[in-house]
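Student: Take a look at this one; I'll ask things after.
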Amino acid sequence: MSYLLHIDSSSLGEASVSRRVARSFRDRWQGPVVHRDLAASPVPHLTAAGVTARDTDPARHTPEQAKAQALQDELIEEFLGAGAYLFTVPLYNLSMPSAFKAWLDQILVTDRTFTHTGASPAAGRPALLISARGGSYAPGAPREGLDYLVPTLETVLGHEDLLGLDVATVTPELTMAAHVPALTSLLPLHEASMTAAHDQARTLATTFAARAA
C-alpha cells in the first residue's frame, strides 16, 4: 500500500476541530502516513526564484533558484508518491490559511503535477478535505455563498485539468457555538455536525484504504 499524505494547516494545534476530525480518519487508516504540519513547519511562499527556476536549465540556476527548485522537487515527489490524501484546511476569513496556499503554489507545476494536454499523474486518487468553520455557510444560512475555501479547493484539487483528485469534503460547522454565549442555541446543530463529520471521516478512511491498497 502506498502512503497517505496528510497535510495539516490549522494554527490551533490540539484545539483545532479540523485536526480532531482528521484524527478520526487517521485512527481508522491502517497504512503508512507521511504527515506535513504546515503550521509547525511552514513552507516558504513562492518567490521569483521559484517561478523562474521551473523554466531555466538547472545548469544555469542561481543559488537562489537551486534552493527553490530543491524545495519544489521535495514537495512534488512527496505529493506524487502518495496513494491517498488528507487535507485539514479550516476556513479562515472566508478562505484558506496562507500556509496551505503556499504549499499549493509550490506543488502546482505544469507538466509535473498537472498538464494542459492530459490527466494529472495523481488523477483519480482519493482525497479528503476537512474544513471546520465557526459559522455555517450551508444553503439557507445567512452566510450562504461566502465560503471561498471549499469551492476553490474542490476545483484546484479535483478538476480534471488540474490535480484531478477524487475529492470528498467534510465541513464540521458552527464551532464558535461552544465558545460564544450568544450562539449557545446553536450547540445542538454544532454537535450534530461534529458527530456526522467524525462518522464520515471514519467511513472514508476505510474506503480510501481499500482503494489505495
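The values are calculated or read from the model by the stated rules, or taken from the named source; none is laboratory data. As the structure is a prediction and not an experimental result, all values here were calculated from the model. Every residue, glycine among them, receives a Cβ derived from its backbone with ideal geometry; neighbour counts consider all protein chains shown. For the accessible areas, the whole protein counts, side chains as well, though only heavy atoms, and no ligand, DNA or RNA atoms are used. Shrake-Rupley method; radii C 1.70, N 1.55, O 1.52, S 1.80 Å.
Student: Picking from Thr175, Thr115, Thr110, Thr152, which residue would you name as being under 23 Å from Leu75 (Cβ atoms) and in contact with a His (Cβ under 8 Å, 6 or more places away or on another chain)?
Tutor: Thr110
Student: May I pose another question? If I go through region 133-146 residue by residue, how many of them are closer than 17 Å to Ser10 by Cα and in contact with a Ser or Thr (Cβ under 8 Å, 6 or more places away or on another chain)?
Tutor: So the count comes out to 2.
Student: Of all residues in region 25-43, which are of a type outside the set (A, V, I, L, M, F, W, C) and touching a helix residue (DSSP H, G or I) at 6+ places or on another chain (Cβ under 7 Å)?
Tutor: Once the filter is applied, which keeps residues that are of a type outside the set (A, V, I, L, M, F, W, C) and touching a helix residue (DSSP H, G or I) at 6+ places or on another chain (Cβ under 7 Å), region 25-43 yields Arg28, Gln30, Gly31, Pro42.
Student: Another one. Take Thr113 and decide whether it is surrounded by 13 or more Cβ atoms within 10 Å (Cβ to Cβ), over 22 Å from Asp8 (Cβ atoms) and modelled with pLDDT of 95 or more.
Tutor: In short, no.
Student: Can we say Ala82 is aliphatic (A, V, I, L, M) and either in contact with a Leu (Cβ under 9 Å, 6 or more places away or on another chain) or not in a helix (DSSP H, G or I) (or both)?
Tutor: So Ala82 passes the test.
Student: Also: Consider Glu64 carefully, then state whether it is assigned to a helix (DSSP H, G or I), open to solvent by 20 Å² or more (accessible area, probe 1.4 Å) and in contact with a Ser or Thr (Cβ under 9 Å, 6 or more places away or on another chain).
Tutor: yes
Student: Separate question: Across region 108-158, what is the total count of residues that are outside any loop (DSSP other than H, G, I, E, B) and within 14 Å of the chain's Cα centre (by Cα)?
Tutor: Here the count works out to 14.
Student: When the residues of region 164-201 are narrowed to those that are charged (D, E, K, R) and surrounded by 15 or more Cβ atoms within 10 Å (Cβ to Cβ), which ends up farthest from Val17 (Cα to Cα)?
Tutor: Asp166
Student: With (1) in a helix (DSSP H, G or I); (2) surrounded by fewer than 18 Cβ atoms within 10 Å (Cβ to Cβ) as the list, and Ala205 as the residue in question, which single condition is left unmet?
Tutor: (2)
Student: Of the residues that sit in region 1-43 and are touching a Gly at 6+ places or on another chain (Cβ under 9 Å) and open to solvent by 70 Å² or more (accessible area, probe 1.4 Å), which one is modelled with the lowest pLDDT?
Tutor: Met1
Student: With Val21, Val43, Val34 as the choices, which residue is under 19 Å from Lys101 (Cβ atoms) and either in a loop (DSSP other than H, G, I, E, B) or not hydroxyl-bearing (Ser, Thr, Tyr) (or both)?
Tutor: Val43
Student: Separate question: Does any residue of region 137-146 turn out to be in contact (Cβ under 8 Å) with a residue 24 or more places away in the chain, crowded, with 17+ Cβ neighbours inside 10 Å and of a type in the set (Gly, Ala, Ser)?
Tutor: The answer is no, given that none of the residues of region 137-146 is in contact (Cβ under 8 Å) with a residue 24 or more places away in the chain, crowded, with 17+ Cβ neighbours inside 10 Å and of a type in the set (Gly, Ala, Ser).
Student: Do we have any residue at all in region 87-99 that's open to solvent by 30 Å² or more (accessible area, probe 1.4 Å), part of a helix (DSSP H, G or I) and in contact (Cβ under 8 Å) with a residue 60 or more places away in the chain?
Tutor: Looking through region 87-99, none of the residues is open to solvent by 30 Å² or more (accessible area, probe 1.4 Å), part of a helix (DSSP H, G or I) and in contact (Cβ under 8 Å) with a residue 60 or more places away in the chain.
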